[in-house]
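Structure first, then comments.
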């Protein structure tokens with residue numbers, strides 16, 4: 001039952017916050033404020049419901065080291081997506097037409113913070129973590145990654161290939177980030193940095209939800225395998241390749257730290273992971 005209560009609690013915040021942010025789209029200040037409030041409320045509710053249902057401190061969203069972990073994740077996310085765009089641009093398939101909107105980019109801080117926090121709490125904080133306890137890291141990584149990709153089929157310009165790309169690059173990368181660090185702050189930062197760079201810096205489509213007005217007024221053209229087409233660069237082969245490379249790096253770190261949970265011996269393995277220093 002704990003998984004149900006946790007999903008319902010965080011999902012309620014995600015729904016209410018998402019509706020509020022959607023209602024003020026076009027107003028960059030309210031988008032910023034309501035987005036940040038939604039992300040803060042989601043973290044607080046997650047911590048509360050975990051403490052109530054699991055009778056333990058919610059250390060994965062603890063304050064110690066939170067700022068540094070979020071910052072590292074955000075830098076990795078921005079840098080990784082910048083590499084994707086650089087490769088697309090080298091082929092002449094990414095064109096900057098001029099300056100975009102500074103206030104639009106600022107408003108997207110709140111929008112993307114809310115999306116990153118709520119999705120990571122639901123998919124990595126609740127689903128990945130609990131599935132991993134029962135089945136081990138590898139099954140948790142593949143099953144929750146697949147579910148994360150399938151969720152994006154609900155987006156406006158979604159494609160089956162785009163959903164598969166998200167499952168591989170993002171589902172794998174974000175799950176591995178949590179496995180390596182055992183804190184949700186790094187995957188939240190990584191998710192935020194990737195999405196914010198995609199929208200607020202480079203002005204491209206985000207997961208089939210349309211382009212956002214960021215710092216650059218830009219567009220992509222050419223092969224859909226390179227640019228991702230209407231779904232956006234997340235469906236680019238470059239995104240999949242770089243996402244897999246980052247995933248492998250995190251999994252190697254997780255293995256070195258002894259954070260990988262085997263399928264058998266769940267009780268001892270999960271218990272040892274829960275007490276590792278973060």
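The values are calculated or read from the model by the stated rules, or taken from the named source; none is laboratory data. Fair warning: this is a prediction, and the values are worked out from it, not measured in the lab. Every residue, glycine among them, receives a Cβ derived from its backbone with ideal geometry; neighbour counts consider all protein chains shown.
Restricting to the range 17-51, count the residues that are assigned to a helix (DSSP H, G or I), touching a helix residue (DSSP H, G or I) at 6+ places or on another chain (Cβ under 8 Å) and loosely packed, with under 14 Cβ neighbours inside 10 Å.
Residues meeting the conditions: 2.
Could you please find all residues in the range 200-214 being touching a strand residue (DSSP E or B) at 6+ places or on another chain (Cβ under 7 Å) and part of a loop (DSSP other than H, G, I, E, B)? Walk me through how you get there before you give the answer.
First, pick out the residues of the range 200-214 that are touching a strand residue (DSSP E or B) at 6+ places or on another chain (Cβ under 7 Å): 201-205, 211.
Listed by number, the residues that qualify are 202, 203, 204.
May I ask you to say which residue of 258, 265, 271 is loosely packed, with under 15 Cβ neighbours inside 10 Å, out of contact with any strand residue (DSSP E or B) (no Cβ under 9 Å at 6 or more places or on another chain), more than 16 Å from residue 77 (Cβ to Cβ) and at pLDDT 90 or above?
258
Just wondering, is there one or more residues in the range 212-233 that are under 22 Å from residue 128 (Cβ atoms), within 18 Å of the chain's Cα centre (by Cα) and in contact (Cβ under 8 Å) with a residue 12 or more places away in the chain? Let's see the steps before the verdict.
We begin by selecting, within the range 212-233, every residue under 22 Å from residue 128 (Cβ atoms); these are none.
No, there is no match, as no residue in the range 212-233 is under 22 Å from residue 128 (Cβ atoms), within 18 Å of the chain's Cα centre (by Cα) and in contact (Cβ under 8 Å) with a residue 12 or more places away in the chain.
For residue 240, only one of the following conditions fails: (1) modelled with pLDDT of 95 or more; (2) buried (at least 20 other Cβ atoms within 10 Å of the Cβ); (3) closer than 16 Å to residue 177 by Cβ. What is its number?
Going through (1) modelled with pLDDT of 95 or more; (2) buried (at least 20 other Cβ atoms within 10 Å of the Cβ); (3) closer than 16 Å to residue 177 by Cβ one by one, residue 240 breaks only (3).
Kindly list the number of the only condition in (1) surrounded by fewer than 16 Cβ atoms within 10 Å (Cβ to Cβ); (2) in contact with a helix residue (DSSP H, G or I) (Cβ under 8 Å, 6 or more places away or on another chain) that fails for residue 102.
(2)
Taking the conditions exactly as written (assigned to a helix (DSSP H, G or I), at pLDDT below 95 and surrounded by fewer than 20 Cβ atoms within 10 Å (Cβ to Cβ)), does residue 147 satisfy them or not? Reasoning before the result, please.
Details: assigned to a helix (DSSP H, G or I): yes; at pLDDT below 95: no; surrounded by fewer than 20 Cβ atoms within 10 Å (Cβ to Cβ): yes.
So residue 147 fails the test.
Determine if the range 203-218 includes at least one residue that is more than 15 Å from residue 234 (Cβ to Cβ) and out of contact with any helix residue (DSSP H, G or I) (no Cβ under 8 Å at 6 or more places or on another chain). Steps first, please.
Taking the range 203-218 and keeping what is more than 15 Å from residue 234 (Cβ to Cβ), we get 213-218.
Going one step further and asking which of them are out of contact with any helix residue (DSSP H, G or I) (no Cβ under 8 Å at 6 or more places or on another chain), we end up with 217-218.
The answer is yes; a qualifying residue exists.
Being over 21 Å from the mean Cα position of the chain (by Cα) and assigned to a helix (DSSP H, G or I) is the filter; apply it to the range 87-130 and report the residue that is farthest from residue 74 (Cα to Cα).
Pass one, the range 87-130, residues over 21 Å from the mean Cα position of the chain (by Cα): 87-103.
Now drop any that are not assigned to a helix (DSSP H, G or I), which leaves 87-90, 102-103.
Working: 87: 20, 88: 21, 89: 22, 90: 24, 102: 19, 103: 20 Å.
Among those that are over 21 Å from the mean Cα position of the chain (by Cα) and assigned to a helix (DSSP H, G or I), it is 90.
If only one of 75, 7 is closer than 30 Å to residue 220 by Cα and either surrounded by fewer than 21 Cβ atoms within 10 Å (Cβ to Cβ) or in contact with a helix residue (DSSP H, G or I) (Cβ under 7 Å, 6 or more places away or on another chain) (or both), which one is it? Walk me through how you get there before you give the answer.
Details: 7 fails: closer than 30 Å to residue 220 by Cα.
From the options 75, 7, the qualifying one is 75.
Within the range 150-162, count every residue that is over 23 Å from residue 176 (Cβ atoms), crowded, with 19+ Cβ neighbours inside 10 Å and within 17 Å of the chain's Cα centre (by Cα). It would help to see each step written out before you state the result.
Just the residues of the range 150-162 that are over 23 Å from residue 176 (Cβ atoms), to begin with: 154-160.
Now narrow it down to the ones that are crowded, with 19+ Cβ neighbours inside 10 Å: 155, 158.
Checking the rest, the ones that are also within 17 Å of the chain's Cα centre (by Cα) come to 155.
The qualifying residues number 1.
Please go through the range 222-237 and pick out each residue that is on the phi > 0 side of the Ramachandran plot and either assigned to a helix (DSSP H, G or I) or surrounded by 20 or more Cβ atoms within 10 Å (Cβ to Cβ) (or both).
The answer is 228, 229, 232.
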